[in-house]
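Notes for the one structure printed next.
The values are calculated or read from the model by the stated rules, or taken from the named source; none is laboratory data. Just so it is clear, the model here is predicted, and its values are computed rather than measured. Heads up, the Cβs are rebuilt from the backbone with ideal geometry, glycines too, and the neighbour counts pull from every protein chain shown.
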Amino acid sequence: MPRSGAHRSSSTKAVLALVISSFVILILMFGMGRYGWISMLRVDRQQKRIKKEMLANLAHSEILCREIKRLRSDSFYLESQAREKLGMTRPGETSYRFYPADSLKKRP
């Protein structure tokens, strides 16, 4: 009798080891690799980041399209932007620029 009990114990341990090793292999197969869970989570995060960037770029594109439309249709706006951003003046005008006092101080 004791021998059969020892036999059962060793066969139970072998089955348990086989089940555990099979489980570990399955986890490694589905968790790792090109199409594993880890890769899919990484791809999902990357997709969400790219989607945010795309939406931000679309919004910026819309702003630029409106700016172009306004520059083409509104001559007063075009002139104001040319004066402000490019420092342009009309013939005979004098342009004055004012700087904050602290910007004129020499830096060490």
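For region 85-108, which residues satisfy the criterion of being modelled with pLDDT under 75 and outside any helix (DSSP H, G or I)?
Kept after step one, since they are modelled with pLDDT under 75, are these residues of region 85-108: 103-108.
Of everything in region 85-108, those that are modelled with pLDDT under 75 and outside any helix (DSSP H, G or I) turn out to be K105, K106, R107, P108.
For region 16-31, indicate whether the set of residues that are in a helix (DSSP H, G or I) and touching a helix residue (DSSP H, G or I) at 6+ places or on another chain (Cβ under 8 Å) is non-empty. Break it down into steps so the answer makes sense when it comes.
Step one: of region 16-31, the residues in a helix (DSSP H, G or I) are 16-31.
Applying the additional criterion that residues be touching a helix residue (DSSP H, G or I) at 6+ places or on another chain (Cβ under 8 Å) yields 30-31.
Yes: region 16-31 contains one or more residues that are in a helix (DSSP H, G or I) and touching a helix residue (DSSP H, G or I) at 6+ places or on another chain (Cβ under 8 Å).
Select, from R45, R70, R49, R66, the only residue that is modelled with pLDDT of 95 or more and touching a Phe, Trp or Tyr at 6+ places or on another chain (Cβ under 6 Å). Steps first, please.
Details: R45 fails: touching a Phe, Trp or Tyr at 6+ places or on another chain (Cβ under 6 Å); R49 fails: touching a Phe, Trp or Tyr at 6+ places or on another chain (Cβ under 6 Å); R66 fails: touching a Phe, Trp or Tyr at 6+ places or on another chain (Cβ under 6 Å).
Residue meeting the stated conditions: R70.
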